[in-house]
Amino acid sequence: MKTLVWVEHDNASVKDATLSAVTAAASMGDVDLLVAGKGVRAVAEQAANIEPARKVLLADDAAYEHALPENLAPLVVGLMQGYDAFVVPATTTGKNVAPRVAALLDVMQLSEIISVEGRKTFTRTIYAGNAVATVESHDAKLVVTVRGTAFDKAAANGGSAAIEDVSGPGDAGTSRFVSAEIARSERPELTSAKIIVSGGRALKDAATFDEVITPLAEKLGAGVGASRAAVDAGYVPNDFQVGQTGKIVAPEVYFAIGISGAIQHLAGMKDSKTIIAINKDEDAPIFQVADIGLVADLFKAVPELTGKIR
Amino acid sequence: MKILVPVKRVIDYNVKPRVKADGSGVDLSNVKMSMNPFDEIAVEEAVRLKEKGKAEEIVVVSIGPAKAQDTLRTALAMGVDRAILVQVDDAVEVEPLAVAKILKAIADVESPGLVLLGKQSISDDSNQTGQMLAALMDRPQGTFANSVDVEGGAVIVKREVDGGLETVELTLPAIVTTDLRLNEPRYASLPNIMKAKAKPLEIRSPADYDIDISPRIATLKVVEPPVRSAGVRVADVDELVAKLTSLGIA
Ligand SMILES: Cc1cc2nc3c(=O)[nH]c(=O)nc-3n(C[C@H](O)[C@H](O)[C@H](O)COP(=O)(O)OP(=O)(O)OC[C@H]3O[C@@H](n4cnc5c(N)ncnc54)[C@H](O)[C@@H]3O)c2cc1C
Ligand SMILES: Cc1cc2nc3c(=O)[nH]c(=O)nc-3n(C[C@H](O)[C@H](O)[C@H](O)COP(=O)(O)OP(=O)(O)OC[C@H]3O[C@@H](n4cnc5c(N)ncnc54)[C@H](O)[C@@H]3O)c2cc1C
């Protein structure tokens, strides 16, 4: 099978989520990569080092700078004549583009697969992770999005793929990028952090969240996450949300602080290796999944913990 | 401008889904079903746009079993003008691609300026119907909307993306999918629930639109995920620190 993997990047470097998608694609067949953007030859050169890649297709055009799906989808559909599967990391950008490609190819997308079981057979979670379905596609071509936490990352170095220029129809003229407010954080990105410290509604307000959670995260070199309740209440920006409808994470260690453990939250973090919960309610559902639980008032326990960690 | 809002009847978000013993799927008999929460947000946004004078008429549509009429009535009670149910048998699950094709056929007739959908349904978590509809209509899409402003012939959508927020401007007609923070849906008042009963609800079938809804994806089996067993309780912070040290992180 010939697969084309969509490379997620910020016009400067390849994003980690791409590497998990490459691993999934490599277990399906041959892997070529698509780098679409503006002024992205350096990104293509970086992508060419990804271990199993045979070829990097480079579409360098202002129309692709902001990954607008109206412009990208026709480009991909043209390229898919030569491929059996389009494989995309299940990031917000990937999820924006892939279904548009699938519809134009008249195929059903397989969303957020967590394993490759056979040529056209995959597993994916449904109902907020409360069930795992094994699904088989009957379409001629596949469009697949890949959950990053479910696959190891392919080696970013060691490959030597050839770079080939390609082009598509360019600007569809129906959408325009206006602006982006991308938070620059000193903390590691959630989807690749080894340790995550998450806070919930109990943190009261933005200032308290920052006073209690951030120092612990700093001490541990951890990423900072949150429950939906904490995001809705404005303690932290939307991209901190962990859960069914936020980010899916699986770090080595996940701290759930003042988070009750609603199924929608668990859906986003229950594949973490070790879960540590601090909650004052000993019956909180989070304790049913926690490896280490501490029943305590977080406003006392967390500063004490931060102080006692070397 | 007319707004089209597709809504799906799904398991209520408070219900913990149970996998059927024979592995054929999730047991939906006798469980509470509700409107997909993201679709409530879509309905609310449409009603607000109408209240602001940006839209004249709102049409909701659901593809689902006869019981999806309840979901449509809920939308009518929130302020929607009329409803269309594309009825399928109880056991039939229509895939997003087929849903998008039916919605496209309806959009061809209704000519909406805006189609507002949920970003994902909380049942199958596919997150694809809106994008597919946009592709089939060859119109722009603003997914995961945090705010929606209709100005002249365009809609400005602020989107929730991995790194933060992104704003795009789309030429109408356009497709928008809702994220959690777009608005807080209203509760329908009793008088409005009564009034909704008299609002038009048309029942159609996929065949009326000449759409083949046979599935492209076969579900071979559905199982429970591995369960995590509860671990240990520590008595105090010192004990927690000791555990963290043994994990090599403190
Ligand atoms: C469509 C939909 C999608 C959703 N998606 C998500 C999602 O992706 N992610 C997500 O997280 N949620 C999601 N939710 C929301 C989810 O259902 C819960 O409402 C939410 O996770 C609750 O957040 P919380 O645990 O912070 O708040 P709460 O449930 O209010 O829990 C607060 C906890 O803090 C504890 N506490 C309070 N004070 C202290 C103290 N001083 N010390 C120690 N502990 C204390 C309490 O005992 C309680 O357990 C979604 C809901 C819907 C309907
Ligand atoms: C346990 C299980 C077993 C399954 N088995 C089968 C099977 O045997 N055969 C099969 O063909 N499929 C099967 N499916 C697939 C499944 O039924 C559909 O693909 C899925 O429900 C539709 O995806 P979604 O609603 O998550 O789409 P999303 O793309 O997540 O939905 C986004 C938005 O699109 C709109 N929308 C979606 N659907 C509708 C609708 N029906 N009416 C109106 N608006 C809508 C809503 O605005 C919604 O918010 C199964 C699914 C599950 C969970």
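The values are calculated or read from the model by the stated rules, or taken from the named source; none is laboratory data. Predicted, not measured: the structure shown is a model, and the values here were computed from it. Note that we place each Cβ from the backbone using ideal geometry, even for glycine, and neighbour counts take in every protein chain shown. Remember, those area values only see protein heavy atoms, side chains included, never the ligands or the DNA or RNA. Shrake-Rupley method; radii C 1.70, N 1.55, O 1.52, S 1.80 Å.
Below, the figures for the structure above:
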item	result
Condition check for B:ARG139: out of contact with any helix residue (DSSP H, G or I) (no Cβ under 7 Å at 6 or more places or on another chain) and part of a loop (DSSP other than H, G, I, E, B)	yes
Conditions (1) of a type in the set (Gly, Ala, Ser); (2) over 24 Å from B:ASN146 (Cα atoms); (3) open to solvent by 20 Å² or more (accessible area, probe 1.4 Å): number failed by A:ALA193	(3)
Set A:ASP152, A:ASP139, A:ASP171: member being in a loop (DSSP other than H, G, I, E, B), under 23 Å from A:ALA36 (Cα atoms) and of a type outside the set (A, V, I, L, M, F, W, C)	A:ASP171
Failed condition for A:SER179, given (1) open to solvent by 20 Å² or more (accessible area, probe 1.4 Å); (2) modelled with pLDDT under 95; (3) within 11 Å of chain B (Cβ to nearest Cβ); (4) within 24 Å of A:THR92 (Cβ to Cβ)	(2)
Which numbered condition A:GLY246 fails, given (1) within 16 Å of ligand 2 (Cβ to nearest atom); (2) of a type in the set (Gly, Ala, Ser); (3) at the interface with chain B (Cβ under 7 Å from one of its Cβ atoms)	(3)
Residue satisfying condition, being assigned to a helix (DSSP H, G or I) and more than 9 Å from every other protein chain (Cβ to nearest Cβ), within set B:VAL155, B:VAL148, B:VAL99	B:VAL99
Residue within segment A:261-271 that is more than 9 Å from ligand 1 (Cβ to nearest atom), within 30 Å of B:SER121 (Cβ to Cβ) and either in contact (Cβ under 8 Å) with a residue 40 or more places away in the chain or open to solvent by less than 10 Å² (accessible area, probe 1.4 Å) (or both) present	yes
Top-ranked residue of segment B:12-34 - restricted to ones that are part of a strand (DSSP E or B) and near ligand 2 (Cβ under 9 Å from one of its atoms), ranked as surrounded by the most Cβ atoms within 10 Å (Cβ to Cβ)	B:VAL19
Test: residue in segment B:58-73 that is outside any helix (DSSP H, G or I), of a type in the set (Asp, Glu) and either more than 9 Å from ligand 2 (Cβ to nearest atom) or over 13 Å from the mean Cα position of the chain (by Cα) (or both)	no
Segment B:198-216 - residue that is open to solvent by 70 Å² or more (accessible area, probe 1.4 Å) and in a loop (DSSP other than H, G, I, E, B) and, of those, farthest from B:ALA100 (Cα to Cα)	B:ALA198
Unmet requirement for B:LYS195, which otherwise passes all of (1) surrounded by 20 or more Cβ atoms within 10 Å (Cβ to Cβ); (2) more than 9 Å from chain A (Cβ to nearest Cβ)	(1)
Cβ-Cβ under 8 Å pairs, at least 6 apart or on other chains, segment A:294-308 side over 11 Å from A:VAL212 (Cβ atoms) and aliphatic (A, V, I, L, M), far side open to solvent by 60 Å² or more (accessible area, probe 1.4 Å) and assigned to a loop (DSSP other than H, G, I, E, B)	A:LEU294/B:ASP236; A:VAL295/A:LYS280; A:VAL295/A:ASP281; A:VAL295/A:GLU282; A:ALA296/A:LYS280; A:ALA296/B:ASP236
Of all residues in segment A:289-310 being under 26 Å from the mean Cα position of the chain (by Cα) and not β-branched (Val, Ile, Thr), the one that is surrounded by the fewest Cβ atoms within 10 Å (Cβ to Cβ)	A:ASP291
Sole residue being within 12 Å of chain A (Cβ to nearest Cβ), surrounded by 15 or more Cβ atoms within 10 Å (Cβ to Cβ) and of a type in the set (D, E, K, R), chosen from B:GLU184, B:GLU169	B:GLU169
Residue in segment A:151-165 that is within 11 Å of chain B (Cβ to nearest Cβ) and open to solvent by 30 Å² or more (accessible area, probe 1.4 Å) present	no
Only listed residue being without any contact (Cβ under 8 Å) to a residue 40 or more places away in the chain and open to solvent by 10 Å² or more (accessible area, probe 1.4 Å), chosen from A:LEU105, A:LEU110	A:LEU105
Exclusive hit being in contact (Cβ under 8 Å) with a residue 12 or more places away in the chain and crowded, with 23+ Cβ neighbours inside 10 Å, set B:VAL88, B:VAL94, B:VAL80	B:VAL80
